[in-house]
1. Being modelled with pLDDT under 95 and in a loop (DSSP other than H, G, I, E, B) is the filter; apply it to region 498-524 and report the residue that is surrounded by the most Cβ atoms within 10 Å (Cβ to Cβ).
2. Which pairs turn up if I take residues in region 382-401 that are touching a residue at least 12 places away in the same chain (Cβ under 8 Å) and look for partners that are of a type in the set (Lys, Arg) and open to solvent by 40 Å² or more (accessible area, probe 1.4 Å) with beta carbon separation below 8 Å, at least 6 apart in sequence or on another chain?
3. If a residue must be touching a Lys or Arg at 6+ places or on another chain (Cβ under 9 Å), touching a residue at least 60 places away in the same chain (Cβ under 8 Å), closer than 18 Å to Ile38 by Cα and buried (at least 22 other Cβ atoms within 10 Å of the Cβ), how many such residues does region 211-243 contain?
4. Specify which of the listed residues (Thr446, Thr421) is surrounded by fewer than 18 Cβ atoms within 10 Å (Cβ to Cβ) and free of Cβ contacts under 8 Å to residues at least 12 places away in the same chain.
5. Residues in region 525-562 that are among the aliphatic types (A, V, I, L, M), closer than 22 Å to Asn361 by Cα, touching a residue at least 60 places away in the same chain (Cβ under 8 Å) and not in a helix (DSSP H, G or I): how many?
6. Go through (1) within 31 Å of the chain's Cα centre (by Cα); (2) closer than 26 Å to Gly452 by Cβ; (3) at pLDDT below 95; (4) not β-branched (Val, Ile, Thr) and name the single condition Lys561 misses.
7. Does region 220-233 contain any residue that is of a type outside the set (A, V, I, L, M) and more than 30 Å from Asp312 (Cα to Cα)?
8. Of all residues in region 146-176, count the ones that are aliphatic (A, V, I, L, M), free of Cβ contacts under 8 Å to residues at least 24 places away in the same chain and either part of a helix (DSSP H, G or I) or more than 30 Å from Ile114 (Cβ to Cβ) (or both).
Amino acid sequence: MKKLLFGFMAILMVFSAFTPETAKAADDLTGHTYEAEIRELMKLGVITGYNDGTIRPNQQVTRAEFAKMVVQSFELAPPVESASVENAGFAAAATAATVNFKDVLPGDWFYNSISTAVDAGIIKGYLDNTFRPNELINREQMSTMVSRALKAKGIVINVSETKAMDFIDETEIRAEHKDDVRILSHLGIITGNQDKTFKPKDGSTRWMVAIVMLRAREQVFPPKNLEFQASSVAADKTTVVKQFDTFDQAKEYALKNSKVQAVERSNQILWMNKGIVTTNAFTEIYPTESLKAGSSTFRPYVPANTELKFLDATATTVKVELAGKVGYVSSKVVRLIPEVMQKGQSYYEVSGGSLVHKLYNHSTGSYSSTGIIGKAPKEFVSGMRYYSWDGSTFTNASGAKVADSHQYFNMLPLQSATNYTAAELDSYLKDKFPYYNQTANGKKWTVSPLVGSGKFFKEMEKTHKINALYLMSHAIHESGWGTSKIAQDKRNLFGYGAVDGDAYNRAYSYATFRESIEDAAIRINKGYQVPTGGYYNGSILGNKGIGMNVRYASDAFWGEKIAGHMFRADSHLGNKDLNKHKLGYTTTAPLNFRKDASTNFASIYTLKTAGVPVLINNETKASNGALWYEVASEDKAYTKAYVHGDYIKMLPVAQ
């Protein structure tokens, strides 16, 4: 078990001259730097407040008060008193020892504590037979009393086996206290000041004593192994600060304690104040904390090593953001990486005016890239890294927002037609084929196998109203430009039927590439491209928040990658498609689309999801003067539809 540390590195020097400020609150302890430590001793009955309701954490401690704290902290006698000089009404009970100090009399509020401490061998007093209870205790005296208390509880330390002190004022420590100071220094109960001094004759405040007592108690009463740990986080490790029976208790403590950045269970981080979530297995993202899909169409899935934005957590679930949407995952299939532990993070950068996405693998610590994915936002500067959770809202390394900019092909409704002919598509397949005179999938390639398929892509565009440039790009992506074993042996360009673990044998077989392309067009249309489709989230490639990518592929950047193919093909062929259509997006759901700019007729279809991109053909005014948009119909039984202008906003795209 990791050692429970009540003192944190940020407060390395317990006996410093620093006096924490207290916030104005219900009492003079609330908001104090060491509030948690003092309240811990208050729960144990070692410290109580004064009659006026104050705790006085910065007040110096007397010898009598310290004797009482030691007796109660180490449970040397029943806790019948509290460390406050105002409990003078205490009636002294009979004790096992007779106190012979001239200044400690029966009836004094501290009589029993001092008597018990004498019995335990903790207190000896002065040569003049006095104890001087109202004197402020100094640090060397405090060390000796704590050291003797440890011995009284059976913690015997051979001073010769401890490391030497390194205080620069060691010679100022009285000889009779040196061994005790050395023992406590060795155990980490005391640490000294930042300037390497101990200042043995200085006094100690109540907050300083609280820390010493808690550290010393650990030696006598080791903390139980409770299920949840509130921990501090460093670059290479976590350190348990305090343990709890429940997650909620640990999280509440962490939220109130600046020394704590995470909640753990069995060395697994369950909650953190800031960081990244990465999946360690195939992971489904659910719309509710119960991890049930319900009626929501938002239930994407992602593979291992996918980054998610951390929002919050419970003992069993993690609340995350994926592509701008909030969802929940099981804590069993993800890893929480606090910010200070991050070795890297996926980012975007500009290269020659184009946008490149660098993906970071938190398991291997390496970066990869799929190359150019689109047009870089005009705000981007060469050499800078930019970060985004949805591929459109970008921040810099400090978290400041830089740009809102979508990629055109990623957000383009795919019922639109490309401006390229079959011959032009074939020319791209020929010109940019990447495997000429190379061996891929066991074959050396001298020709591009997809050349000649341009007419099939254009045929499906006309017949099924699905963009030919997209179909070509999808086929390139899934079949490795037609070189995959499934593509060559089974004429399957889209991987239909292939499943993890048995992809080749389970993949469907087709007689020709055309048959494969047509089957893909029909399946994509039915499931993803019409509002009644079972996986419809907008007729765009999109991402895990909107579009086909929500449920078509596990890869969180599948849509981005295919849109990248479209962008690169368009760039090579003459930029006939990029930004040729005006794009908007819906702002509410459900939203009705109609056959004219009015509500005179029933809607022709309804979108049940907000944020769906639409292709805007024209603007028109209704008879009442209201703005309506004519858009390309999502229902392919119609070529156009109308929607009220109040529910559409323009989509910012990279220009």
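The values are calculated or read from the model by the stated rules, or taken from the named source; none is laboratory data. Every value quoted in this text rests on a predicted model; they were computed, and no experiment measured them. Cβ: placed from backbone, ideal geometry, glycine included. Neighbour counts: every protein chain shown. These accessible areas exclude ligands, DNA and RNA; they are computed on the full protein's heavy atoms, side chains included. Shrake-Rupley method; radii C 1.70, N 1.55, O 1.52, S 1.80 Å.
1. Among them, the one singled out is Ala498.
2. Matching pairs, first to second residue: Trp389/Lys309; Thr393/Lys401; Phe394/Lys401; Asn396/Arg385; Ala397/Arg385.
3. 1
4. Details: Thr421 fails: free of Cβ contacts under 8 Å to residues at least 12 places away in the same chain.
Checking each option against the conditions leaves just Thr446.
5. Total meeting the criteria: 1.
6. (3) is the only condition that Lys561 fails.
7. For region 220-233, residues of a type outside the set (A, V, I, L, M) and more than 30 Å from Asp312 (Cα to Cα): present.
8. Of region 146-176, the ones aliphatic (A, V, I, L, M) are 146, 149-150, 152, 155-157, 159, 164-165, 168, 173, 175.
Filter again for free of Cβ contacts under 8 Å to residues at least 24 places away in the same chain, leaving 156, 164, 175.
From what's left, either part of a helix (DSSP H, G or I) or more than 30 Å from Ile114 (Cβ to Cβ) (or both): 164, 175.
Total satisfying the criteria: 2.
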